[in-house]
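The values are calculated or read from the model by the stated rules, or taken from the named source; none is laboratory data. Nothing here was measured: the structure is a model prediction, and the numbers come from that model. A quick note on method: Cβ atoms are made from the backbone with ideal geometry, for glycine too, and the neighbour counts reach across all protein chains shown. Please note that ligands, DNA and RNA were not included when accessible areas were found on the heavy atoms of the full protein model with its side chains. Shrake-Rupley method; radii C 1.70, N 1.55, O 1.52, S 1.80 Å.
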Amino acid sequence: MFSEIKKSVLVSVWFMFLTFPIMVIKVNTIENTIIWRWENLVLIGVGSFFLSFLWRFMHNKKATKRRQDYKDALSKLFYDNLIENKKVFIPIVAALIIFILLFPKLFSTYQVTIMTTALIYVVLGLGLNVVVGFAGLLDLGYVAFYAVGAYTYALLNFSYDISFWIALPLAGILGALAGILLGFPVLRLRGDYLAIVTLGFGEIIRLVLENWGEFTHGPSGVAGIDRPNFGFDLSIVGSINAIYYFVFFFVLVTIFFTNRLQNSRIGRAWVALREDEIACQAMGVDKTKTKLSAFAFGATWAGFMGAVFAAKTTFINPASFTFLESAIILSIVVLGGMGSIPGVILGALILILLPEYLRAFSEYRMLIFGGSMVLMMVFRPQGLIKSKRRQYNLESMSKKELEERQNAASS
């Protein structure tokens, strides 16, 4: 018992030391004074002391087994009763779609703008999920393709007055070409080495955007970008709502394509590449085409969303495409569950909307947000919604499929 108290005291002291500059010291820049908030230090010490006890209790063998049983039951409940049961799944999806369609009518323009940004990150997360979740290629420079799409529309519109609808497919094509350009040099790389090279690629694109002033306008960026023309005159509010509906349509298209690709031949090749690259190549899968297709497909959606982002904000500069953006998109995939389409959607909505709705906590909101992420990594490392592999068995096959397999085996 004394050893447990000693461990909790050490944990408490350590947390008090780490949070001292944030939670205790507050500088009043107007009056040039320092406010000492010692009561926060006491709360942190007491809270971390008791939480350390709770932590060790939850990690003993009995509690670990109970927690694993609870996770299995929850996972079974989720997949069997929500995902695989169409009588429940379809009404839930229909209700969500109706809510999203009515969202601009129910909430303010500010809320619509935030939700549009969240939906953009849903598409970005689904695109990166192909590269990281399906193919297992750790990409830390995904924001580079996002920047390519944004600058494609911005520069074409600024210099040649090309409309959004013409520039949108061009942004996707150039994004795919950039993905292939990145994919060729890294065909032999895996793991940390691949991550370092993709990180360098993202930084190279950002530095080019900052320093090639004659072409990209440098750090000043491109301003006055036209919003999409939907065929009729719209006010600013109407234009924001129209972009919201367009992005929502794009989310549905992205979900359809990624879901179909996941269950297709190329999708199974991506999964095989993720599980064991050597065995995948030994079974006759073309590693070069498989990797390049993953990079190209993921980069295509980033290029599309880059053009949408430029049209939405009407101003872009290199500061919008830093490594932090890549980290956020990767966090969406990891938080939601790598390879899980519903998980990535949920992760994007949480990761983008949560900081906005925690603004009421002012200086503590990022601390709360970071703490919640750490708890997720500890208690749910596989993500919010774990990817479930498609299984084939005799019970799930139709009579016709079973007869075809029997005929093929006998022949």
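Across the protein chains, with a 1.4 Å probe defining accessible surface, the residues Leu194, Leu106, Leu138 rank Leu106, Leu138, Leu194 from largest area downward.
Distant-in-sequence amide contacts of Leu384, defined by a placed amide H-H separation under 5 Å and a gap of 5 or more residues or a different chain, comprise Gly336, Gly337.
Which of the pairs Lys87/Lys386; Lys105/Lys312; Lys87/Lys312 have their Cα atoms more than 28 Å apart in this structure? Going by Cα-Cα distance, Lys87/Lys312 fall outside the 28 Å limit. Measuring r between the beta carbons of Asp233 and Ile90 and using R0 = 35 Å, the FRET efficiency lands at 0.40.
What a 1.4 Å probe finds exposed on segment 100-220 is 70% carbon and sulfur by accessible area, rounded to a whole percent. Measuring only protein heavy atoms, the 1.4 Å probe finds Phe315 accessible over about 80 Å². Taking all protein chains as shown and a probe of 1.4 angstrom, Ser326 keeps an accessible surface of around 0 Å². Computed with every protein chain present, the accessible area of Val13 is close to 80 Å² [probe 1.4 Å].
The 1.4 Å probe gives accessible areas that order Val253, Val247, largest first, as Val253, Val247. Surface listing: Tyr142, Tyr110 arranged by accessible area from highest to lowest gives Tyr110, Tyr142, probe 1.4 Å.
Could you tell me which of rounded, prolate or oblate describes segment 195-289, using a ≥ b ≥ c as the square roots of the eigenvalues of the alpha-carbon gyration tensor, with rounded for a/c under 1.5 and, failing that, prolate when a/b is larger than b/c and oblate otherwise?
Because a/c hits 1.5 or more and a/b fails to exceed b/c, segment 195-289 counts as oblate.
Projecting label points 7 angstrom from Cα along Cα→Cβ for Leu375 and Ile97 puts them 3.5 nm apart. Label sites at Asp161 and Phe50, each approximated as a point 7 angstrom past Cα along Cα to Cβ, lie 6.8 nm apart.
Each label point was placed 7 Å from the Cα along the Cα-to-Cβ direction; for Phe257 and Ile30 their separation is 5.2 nm.
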